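Any read-out appearing in this document is the output of simple, stated calculations on the displayed coordinates, not a laboratory observation. What you see is a predicted model, and the numbers here were worked out from it, not measured in a lab. Cβ placement follows ideal geometry from the backbone for every residue including glycine, while neighbour counts extend to all protein chains displayed.
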Amino acid sequence: MNFWETVTGSDLTKEWKAFEARVEALPADYREAWEQIKVSVFPHSDFTGRNLTPILDGVLGLLEETAADGLSIHEVLGDDIDGFCAALTGEEGARSYRDRWREQLNRNVAKKLGQLGG
Amino acid sequence: MDDLTEMLKGTLEGCVLEIIGSEEAYGYAITRRLNELGFADVTEGTIYTILVRLEKNGLVQATKRPSRQGPPRKFYALNEAGREELAKFWAKWEYLSSRIDNLKESGR
């Protein structure tokens, strides 16, 4: 990754385009699930989304393998796509922006209380 | 048997270790094996997240192999740490199941 890519995120745009091209090749029910997976994984993105690309790359690999096996998306993920995504982001240790806000808030409150001489 | 999922959750990782312990396997094969054993609700997505965890914890060796149809598949085998983890799993399982059996017997 060169400086220009780091600053503009153009490498990510490229990666995302490549993802979408792979998704195009999947059956319709898989594409539907992919949209849902993106929505439930997105809150775990860091500022650029760079932490999500390896996770999504792995998932896309799973979808490609199982589609080639002729499985329906329901056989692959069951009813609980959100649960699947929670397990994914949990395993990868991807923290959500909410975690960071919470930490920031806690820190600020602790600082304020410290200043009050508690 | 329905609603096994919750009870199975804590032990599924050990089951996956056992399956790949006897023979290198890929996600779909592991899922099918568990389905054949009677765990019908286990999906490939569940197994995938377990495999991601095992790989991250350094318990398995993953190898990409070309496949006849479609993209290459990732095959998983146990490494030394994985074999140790599997032995620990069975020790814990022995402990847990014998305690629960005791409880059941003493209640009769």
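Of B:9/B:104; A:112/B:56; A:14/B:74, which pairs sit farther than 28 Å apart, going by alpha carbon to alpha carbon?
Details: B:9/B:104 22 Å; A:112/B:56 39 Å; A:14/B:74 25 Å.
Among B:9/B:104; A:112/B:56; A:14/B:74, the Cα-Cα distance tops 28 Å for A:112/B:56.
Where does each of B:56-69, A:71-84 land if you order them by average Cβ count within 10 Å, highest first?
A:71-84, B:56-69
Would you mind computing Rg(Cα) / (2.2 N^0.38 Å) for region B:61-108, counting N as its residues?
So region B:61-108 has a normalised radius of gyration of 2.00.
For the protein assembly as shown, just say rounded, prolate or oblate: build the C-alpha gyration tensor, square-root its eigenvalues into a ≥ b ≥ c, call rounded for a/c under 1.5, and beyond that prolate if a/b exceeds b/c, oblate if not.
Values: a/c = 1.94, a/b = 1.17, b/c = 1.66.
In terms of gyration-tensor shape, oblate.
Per residue of chain B, what 222 nm ellipticity follows from adding -39500 (n - 2.57) for every DSSP H run with n ≥ 4, rounded to the nearest 500? Present the calculation step by step, with values, prior to reporting the outcome.
On the way: 4 runs with 68 residues, N = 108.
The helix-only estimate for chain B comes to -21000 deg cm²/dmol at 222 nm.
Under 1.5 on a/c is rounded, so check that first for region A:3-117, then, if it is not, pick prolate when a/b is larger than b/c and oblate when it is not; a ≥ b ≥ c are the square roots of the alpha carbon gyration tensor eigenvalues. Walk me through the numbers on the way to the answer.
Working: a/c = 3.91, a/b = 1.83, b/c = 2.14.
Judged from the Cα gyration tensor, region A:3-117 comes out oblate (a/c at least 1.5, b/c at or above a/b).
Please tell me the relative contact order of chain A in percent, rounded to the nearest whole number, where contacts are Cα pairs under 8 Å and at least six residues apart. Each step should come with its number before you reach the end.
Values: 63 pairs, mean separation 34.7, N = 118.
Rounded, it is 29 percent for chain A.
Mind checking the angle between helix A:28-41 and chain A's longest principal axis? C-alpha axes, 0 to 90 degrees, to the nearest 10.
10
Sequence-distant or interchain residues sharing an amide H contact under 5 Å with residue A:50, placed H: which?
none
On C-alpha positions alone, give me the angle between the axis of helix A:97-115 and the longest principal axis of chain A, in degrees, nearest 10.
It works out to around 0 degrees.
What residue among A:13, A:66, A:89 has the largest mean-square fluctuation in a Gaussian network model of chain A, using Cα springs under 10 Å?
Result for chain A, Cα springs under 10 Å: A:13 fluctuates most.
Report the Cα centroid-to-centroid distance between region B:43-66 and region A:38-63 in angstrom, as an integer.
Region B:43-66 and region A:38-63 have Cα centres spaced 17 Å from each other.
Given q = 0.12, 0.16, 0.21, 0.22 Å⁻¹, what are the Debye log10 I(q)/I(0) values for chain B, with equal point scatterers placed on the Cα positions and solvent ignored?
Result of the Debye calculation: -0.46, -0.77, -1.17, -1.24.
Across peptide B:66-73, what mean number of C-beta atoms from other chains lies inside 10 Å of a residue's C-beta? Write out the running numbers ahead of the final one.
Details: counts 0, 3, 1, 4, 7, 8, 3, 4.
Across the residues of B:66-73, the mean count of other-chain Cβ atoms within 10 Å is 4.
Need one value for A:62-70: mean number of C-beta atoms belonging to other chains within 10 Å of its residues' C-beta atoms.
Details: counts 10, 4, 3, 12, 8, 2, 7, 8, 2.
Rounded to a whole number, the mean comes out at 6.
Return one number: the angle in degrees, 0 to 90 and rounded to the nearest 10, between the long axis of the Cα atoms of helix A:52-68 and the longest principal axis of the Cα atoms of chain A.
Result, in degrees: 20.
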